[in-house]
Amino acid sequence: MPFTITTGGSFTSTGVGVKILLPSSADYFQTWNITQLPLAPATGVVVRAEWFGPKFGLGQTAKNDGIRWKKTNSVNAIEVDTFGTTTASDGFTYVSINPTIENQSTNPITAITNASPAVVTHTQTYSEGDILQFYGTTGMLQIAGMNFQISSVSGSGYTLTGLRAATLAAGTAGYTRRISKYLAVDPQYLYVTEITKATSAVVRTSVDPTAYYVVGMKIHFSIPYSFGMTEMDQLTGTITAMNATNYTMTVDIDSTAFSTFAFPLTTSSPTATLFATVAPAGASTRRDPNTFVETGYNFQYQAFKSGQFTPYMYLAGGAQSPAGAASDIINWQAYKFEN
Amino acid sequence: MSFPTGITNINNMAPELPVQAAEDLLSTPQFNLIHSFGVDLHHAETYIGKTTRMSRFERLSTDGGQLDGSGIDPASEVPVRTDIDATMEIYAKSIVTNEQVVLFQNSKTLTKFTALLGQWLREKEDLLMRDLFSSSVSYINCTGGINGDQPSNITLNNVNNIESILLGNDARTMLTDIEAENKFGTSGVRDSFIALFNTNMTADIQNVQGVLLKKDYPSQAGLRPEDYAQISRFRFFVSSKAAKIPNISMLGRTVYTIPMYGLEAAAKIEQNNYTAVIGYRPPWVVSSVGQNSQLYAKFAIARAITNQNWISGLNVTTIQPT
């Protein structure tokens, strides 16, 4: 079957994962680390990587795998194996559906603290700001099925800024997988983890809401009775302020006299109804003639449109992965069979 | 040289051509298209941008209003308008065919491939609308099922809860009732909201308390083939491509999302003059030696949830892991 290069390009690595959008899809994909090729770097530095698609049948590349061409220690000799070979490193993940599941973490969670914010102990290779789908949690059962944005990421753990977990039982086990930042359509629904009782309620979400919503947008609340603040259920409010550091939004709803918002107890799982969410509900277009402040004209955020483009190739970051280490220049090519 | 003798049969006189084509093509598989027929259809004009705005006036407050005879006018109210925006996007697919396909092997490929592209148009549109429902709507986990998971398998109470939410938000039903008739085993079907579910859930749907399967409707006239059952105030429509998210339940099972909605909850906007374009590029255009021709199909679509009050839904798992 003849091959055609459908697209190609180059980027300078920042040491983290990179998404390559592939409008024509791909049957074969390769990267070259142009920076490391002429050097004699430490053992395991990947200079070339290859991925084979489903058309290769039994020879297709597994998720988060691929063939890696790596230098041996301080000499120019090449070793070839797969990313899954010991010592394993992250490779390619071809994503063609939404919600997009990126590289699968093989190491399960070992602990989730019931602190504010919650801290997760987890050996992994995730990056700052990644969004993880949590499932199969033990102890902190209430968050199974939710997704969270992670911060303060190290190789052994990360923080869930969007989860104040003081009233929850600590998690003792669980699993995660990385999902795309955006769902198939944007703006999307978000998980609510906290609502204050105030003249203008402050709503905390599990991810940074400023990536999805904008001041002036209306949001519609779905708060099951198990979360306490039933008065907020099915209300629609307008966002008046947002905070990217704390993952919060202020809305023009007076919740002073409402019941207290609280996650259902772990002991009530799995019978407690989940989850508390907000969904986009348009905007009321306004223009203040004195301040010239306009709302309702931000077509980047409030208009419904495609979210995460698919298909794309996720290249894991790092010296031993396809997207390379910081400052490495990476060339990539996507190929497609002609038939 | 020796000459064989005996009876001439199909063993020593095999046919020159071992196969023949049947008189007609077999059916191309097509999944049920359920995600568009319950939504409003709008049209975007050309030359005025790619964002379509749909606007709705919210109702006025019914508080107060009584004149007390003092001559003081009641405070006037400023109507509130909610604007819903949707961005137009274009999708396309093509098939390039070499002349030798027609010359040596296949006849009427243009007709056959045009039909395939037409099917792609409808299927792609359906999946885009499915993605809208799965991304931009709040769903509530089913609880109280027997599989011990979170969300659980679907139960009548969960369905009734969604009906309560929609009715509480003054949503209008989508489908009219089917009056009862004097037929054994049937009963009347209430006017209904719409629910869309995945084929992997059919066994669970049949087990929900109070389910009325399609065969038990008093009349089959005018029913869509995708119509599966009535539960409470919802008519459930089935598709193999309805939304699911693998392995994210508390027990790691696949979670299925069931959008449930009434009138004017969502919209599909078509671009005038670009609704469904199917075209042909002849060989002298596609190929320098005139050997390849091309068929293409493309369409423009924008989509939006137009009223979150009138749409909700359930996250469910199945009794038997799928």
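The values are calculated or read from the model by the stated rules, or taken from the named source; none is laboratory data. Since this is a predicted model, take the numbers as computed values, not measurements. Don't worry about glycine lacking a Cβ; one is built from the backbone with ideal geometry, like all the others, and counts go over all protein chains shown.
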Looking at the structure I just gave you, is B:GLU270 touching a residue at least 60 places away in the same chain (Cβ under 8 Å), surrounded by fewer than 22 Cβ atoms within 10 Å (Cβ to Cβ) and part of a loop (DSSP other than H, G, I, E, B)? no
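Table: residues versus (1) at pLDDT 90 or above; (2) under 22 Å from A:GLY317 (Cβ atoms).
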{"residue": "A:THR6", "(1), (2)": "no, no"}
{"residue": "A:PHE11", "(1), (2)": "yes, yes"}
{"residue": "A:VAL16", "(1), (2)": "no, yes"}
{"residue": "A:PRO23", "(1), (2)": "no, no"}
{"residue": "A:GLN30", "(1), (2)": "yes, yes"}
{"residue": "A:ILE34", "(1), (2)": "yes, yes"}
{"residue": "A:ALA49", "(1), (2)": "yes, yes"}
{"residue": "A:GLY53", "(1), (2)": "yes, yes"}
{"residue": "A:GLY59", "(1), (2)": "yes, no"}
Tally time: how many residues in the stretch A:215-248 are within 27 Å of the chain's Cα centre (by Cα) and more than 12 Å from chain B (Cβ to nearest Cβ)? 11
Would you check if A:GLY157 is buried (at least 19 other Cβ atoms within 10 Å of the Cβ) and either touching a Lys or Arg at 6+ places or on another chain (Cβ under 6 Å) or not aromatic (Phe, Trp, Tyr) (or both)? yes
Matching residues in the stretch B:275-291 - criterion: being assigned to a loop (DSSP other than H, G, I, E, B) and under 25 Å from the mean Cα position of the chain (by Cα): B:THR275, B:ALA276
Suppose we filter B:GLY64, B:GLY69 for residues that are modelled with pLDDT under 90, assigned to a loop (DSSP other than H, G, I, E, B), over 30 Å from A:TYR297 (Cα atoms) and more than 39 Å from the chain's Cα centre (by Cα); which single one remains? B:GLY64
So, in the stretch A:150-208, of the ones that are among the small types (Gly, Ala, Ser) and not in a loop (DSSP other than H, G, I, E, B), which residue ends up nearest to the chain's Cα centre (by Cα)? A:SER151
Out of A:GLY139, A:GLY162, A:GLY171, A:GLY145, I need the residue that is touching a Lys or Arg at 6+ places or on another chain (Cβ under 7 Å) and farther than 20 Å from A:ALA323 by Cβ. Which one? A:GLY162
Does the stretch B:222-234 contain at least one residue that is within 14 Å of chain A (Cβ to nearest Cβ), within 29 Å of B:ILE90 (Cβ to Cβ), in contact (Cβ under 8 Å) with a residue 12 or more places away in the chain and of a type in the set (Asp, Glu)? no
Conditions (1) within 14 Å of chain B (Cβ to nearest Cβ); (2) touching a residue at least 60 places away in the same chain (Cβ under 8 Å); (3) buried (at least 17 other Cβ atoms within 10 Å of the Cβ); number of the one not met by A:SER284: (3)
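Every residue, every condition in (1) part of a strand (DSSP E or B); (2) modelled with pLDDT under 95, yes or no:
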{"site": "B:ASP204", "(1), (2)": "no, no"}
{"site": "B:GLY210", "(1), (2)": "no, yes"}
{"site": "B:LYS215", "(1), (2)": "no, yes"}
{"site": "B:PRO218", "(1), (2)": "no, yes"}
{"site": "B:ALA221", "(1), (2)": "no, yes"}
{"site": "B:TYR228", "(1), (2)": "yes, no"}
{"site": "B:PHE236", "(1), (2)": "yes, no"}
{"site": "B:ASN247", "(1), (2)": "no, yes"}
{"site": "B:MET250", "(1), (2)": "no, yes"}
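Let's see how each residue does on (1) hydrophobic (A, V, I, L, M, F, W, C); (2) buried (at least 19 other Cβ atoms within 10 Å of the Cβ); (3) under 19 Å from B:ILE34 (Cα atoms):
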{"site": "B:ILE146", "(1), (2), (3)": "yes, no, no"}
{"site": "B:ASN157", "(1), (2), (3)": "no, no, no"}
{"site": "B:ASN161", "(1), (2), (3)": "no, yes, no"}
{"site": "B:ASN169", "(1), (2), (3)": "no, no, no"}
{"site": "B:SER192", "(1), (2), (3)": "no, yes, yes"}
{"site": "B:THR202", "(1), (2), (3)": "no, no, yes"}
{"site": "B:SER219", "(1), (2), (3)": "no, no, no"}
Could you tell me how many of the residues in the stretch A:170-192 are of a type in the set (Lys, Arg) and either without any contact (Cβ under 8 Å) to a residue 60 or more places away in the chain or more than 9 Å from chain B (Cβ to nearest Cβ) (or both)? 2
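Yes/no matrix, rows are residues, columns are (1) under 26 Å from A:THR295 (Cα atoms); (2) in contact with a strand residue (DSSP E or B) (Cβ under 6 Å, 6 or more places away or on another chain); (3) of a type in the set (Asp, Glu):
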{"residue": "B:SER2", "(1), (2), (3)": "no, no, no"}
{"residue": "B:ILE7", "(1), (2), (3)": "no, no, no"}
{"residue": "B:ASN11", "(1), (2), (3)": "no, no, no"}
{"residue": "B:PHE37", "(1), (2), (3)": "no, no, no"}
{"residue": "B:HIS42", "(1), (2), (3)": "yes, yes, no"}
{"residue": "B:PHE57", "(1), (2), (3)": "yes, yes, no"}
{"residue": "B:GLY65", "(1), (2), (3)": "no, no, no"}
{"residue": "B:ASP68", "(1), (2), (3)": "no, no, yes"}
{"residue": "B:ARG81", "(1), (2), (3)": "yes, yes, no"}
